[in-house]
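Enquirer: Right, I'll just put the structure down here and ask away after.
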Amino acid sequence: MTNTDKLGGRFTFPGTSLTVHRMGYGAMQLAGPHVWGPPRDPEAAAAVLREAIAIGIDHFDTSDAYGPHVTNQLIRATLHPYPRNIVIVSKLGGRRGADKSWLPALSPAEIRSDLQDNLRHLGLDAIDVVNLRMMSMTPTEGPLDKELAVLIELKREGLVRHIGLSNVTARQVEQAQALTEIVCVQNHYNLAHRGDDALIDALAKKGIAYVPFFPLGGFTPLQSSALSEVANELGATPMQVALAWLLHRAPNILLIPGTSSVAHLRENVAAASLVLPARSIAALDGIAR
């Protein structure tokens with residue numbers, strides 16, 4: 001089996017030359033507890049990034065809100081100058097309060113300032129993909145044209161190469177596509193949280209990437225007797241099965257599971273090689289019903 005197979009195959013963001021393995025890495029967990037401050041073990045965090053590169057991962061998802069600033073600074077310190085083939089995706093739209101809260105930062109001035117922070121801390125002249133992150137607790141209908149207009153300007157200025165969306169509704173995706181090309185959507189989705197099924201299928205028809213955040217349940221890991229039974233039958237962990245199901249779910253799904261452990265990183269990557277029999281898929285499909 002080739003390394004490409006081990007990482008779930010490859011995907012090209014629409015209208016771009018950016019091609020990545022479907023198994024990527026989300027950097028949020030590299031920061032300290034509650035995604036705040038430095039990691040407990042900076043060298044262990046750096047080791048995760050180096051291992052990701054060694055394994056062949058070329059899709060890194062991050063944000064300057066992680067830490068804040070900590071994760072991007074660690075990525076730069078560990079990986080810069082970056083290998084030519086890697087794609088870095090960040091997101092704008094939120095900031096951290098002094099009480100470790102997550103707050104909206106969607107004014108034109110805040111979006112521009114946030115982008116400059118990302119560029120500076122990552123050591124980049126431009127970011128491959130930037131997601132406009134709407135900061136409601138769950139996707140909420142409403143216009144996003146003013147916020148998106150700032151990203152479109154930043155793209156024209158050459159500071160953002162491509163635009164994505166995060167925490168949005170299907171209608172907002174349509175509204176955004178009327179204004180600019182959207183290459184990816186990053187929403188909450190996993191084996192048990194499947195509200196975006198129709199959106200995923202619609203995006204797949206257009207070749208647009210769908211990147212689920214909290215693919216393993218987030219701060220409350222997925223728990224299901226059906227999931228555990230399938231995992232036992234396949235000699236895998238429940239989390240590996242949950243990731244393998246996402247790769248099976250649709251060809252436009254890209255995974256960015258996060259971890260601060262090299263061993264856990266390797267475990268996540270192994271999920272891309274897991275073959276799910278039809279009976280297992282049927283059992284897993286039934287979890288959300």
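The values are calculated or read from the model by the stated rules, or taken from the named source; none is laboratory data. Nothing here was measured: the structure is a model prediction, and the numbers come from that model. Glycine also receives a Cβ, built like all others from the backbone with ideal geometry; neighbour counts cover every protein chain displayed. These accessible areas exclude ligands, DNA and RNA; they are computed on the full protein's heavy atoms, side chains included. Shrake-Rupley method; radii C 1.70, N 1.55, O 1.52, S 1.80 Å.
Enquirer: As a test, work out the antiparallel percent of DSSP beta bridges whose residues both lie in the chain, rounded to the nearest 5. Could you put the intermediate results ahead of the total?
Expert: On the way: 6 of 32 bridges.
Approximately 20 percent, going by the DSSP bridge assignments.
Enquirer: Report the local net charge at residue 251: Lys and Arg +1, Asp and Glu -1, summed over other residues whose C-beta lies under 13 Å from its C-beta.
Expert: The answer is +4.
Enquirer: Cα centroid distance between region 1-63 and region 77-102, in Å?
Expert: With region 1-63 and region 77-102 each reduced to a Cα centre, they are spaced 12 Å.
Enquirer: Rolling a 1.4 angstrom probe over the protein heavy atoms, how many square angstrom per residue are accessible across the chain? The partial results should precede the final answer.
Expert: On the way: 12610 Å² over 289 residues.
Value for the chain: 44 Å² per residue.
Enquirer: On to the next question. Given a 1.4 Å probe and every protein chain left where it sits, what share in percent of the accessible area of the chain is carbon and sulfur?
Expert: So the carbon and sulfur contribution to the accessible surface is 54 percent.
Enquirer: What ranking do 254-262, 157-165 get when scored by the average of other Cβ atoms within 10 Å per residue, highest first?
Expert: 254-262, 157-165
Enquirer: Also, quick follow-up: Can you compute 3J(HN,Hα) from phi for each residue in region 6-14, using the Karplus curve 6.51 cos²θ - 1.76 cosθ + 1.60 with θ = phi - 60°, rounded to whole Hz and x for Gly and Pro?
Expert: These are the phi-based 3J(HN,Hα) values: 5, 10, x, x, 10, 9, 10, 4, x Hz.
Enquirer: Also, I was wondering about something else. How large is ³J(HN,Hα) for each residue in region 80-96, as worked out from phi by the Karplus curve 6.51 cos²θ - 1.76 cosθ + 1.60 (θ = phi - 60°), to whole Hz, x for Gly and Pro?
Expert: For region 80-96, the Karplus-derived couplings read 7, x, 6, x, 4, 8, 7, 10, 9, 10, 10, 9, 10, x, x, 9, 9 Hz, x marking Gly and Pro.
Enquirer: Out of residues 5 or more away from residue 127 or on other chains, whose amide H comes under 5 Å of its own, with H placed 1.01 Å from N in the peptide plane?
Expert: HN-HN under 5 Å from residue 127: 160, 161.
Enquirer: For region 20-62, take N as its residue count and report Rg(C-alpha) divided by 2.2 N^0.38 Å.
Expert: Taking N as the residue count of region 20-62, the ratio is 1.19.
Enquirer: Taking Rh as the Kirkwood radius, which is the inverse of the mean 1/r over Cα pairs, what is the Rg/Rh value for region 137-281?
Expert: 1.03
Enquirer: Sticking with this structure for a sec: Going by amide H atoms built from the backbone, whose H comes under 5 Å of the H on residue 37, apart from near neighbours?
Expert: Answer set, sorted by chain and number: 32, 67.
Enquirer: Name the residues of region 234-257 whose amide N is less than 19 Å from a point 7 angstrom out from the Cα of residue 193 along the C-beta direction?
Expert: 238-250, 253-257
Enquirer: Here's something else I'd like to know. Can you give the Rg to Rh ratio of region 13-147, both from alpha-carbon atoms, with Rh computed by the Kirkwood formula?
Expert: On the way: Rg = 15.0 Å, Rh = 15.6 Å.
With Rh from the inverse mean 1/r over Cα pairs, Rg/Rh is 0.96.
Enquirer: Would you please calculate the Kirkwood hydrodynamic radius of the chain over all C-alpha pairs and express it in Å, rounded to one decimal?
Expert: Across the chain, the inverse of the average 1/r is 19.1 Å.
Enquirer: A follow-up question, please. In region 8-138, with Lys and Arg counted as +1 and Asp and Glu as -1 at Cβ, which of these residues, 19, 94, 81, has the Cα nearest the positive end of the dipole, that is, farthest along it?
Expert: The listed residue farthest towards the positive side: 19.
Enquirer: Name the residues whose placed amide hydrogens come within less than 5 Å of the amide hydrogen of residue 9, ignoring near sequence neighbours (fewer than 5 apart) on the same chain.
Expert: Distant-sequence amide H within range of residue 9: 22.
Enquirer: Over the chain, what is the relative contact order in percent, taking alpha-carbon pairs closer than 8 angstrom and at least six residues apart?
Expert: 19 percent
Enquirer: Something else: In nm, to one decimal, how far is the modelled label at residue 220 from the one at residue 145, with both set 7 Å along Cα→Cβ?
Expert: 3.8 nm
Enquirer: Also, I was wondering about something else. Return the percentage of antiparallel bridges among DSSP beta bridges fully within region 7-124, rounded to the nearest 5 %. It would help to have the intermediate numbers written out before the result.
Expert: On the way: 6 of 12 bridges.
The antiparallel proportion sits near 50 percent.
Enquirer: Go ahead and estimate [θ] at 222 nm for the chain from helices alone: -39,500 (n - 2.57) per DSSP H run with n ≥ 4, summed, over the residue count, rounded to 500.
Expert: -11500 deg cm²/dmol
Enquirer: I'd like to know how region 155-213 sits against the 2.2 N^0.38 Å rule of thumb: what's its Cα Rg over that expected value?
Expert: Values: Rg = 11.9 Å, N = 59, 2.2 N^0.38 = 10.4 Å.
Expressed relative to 2.2 N^0.38 Å, the Cα Rg reads 1.15.
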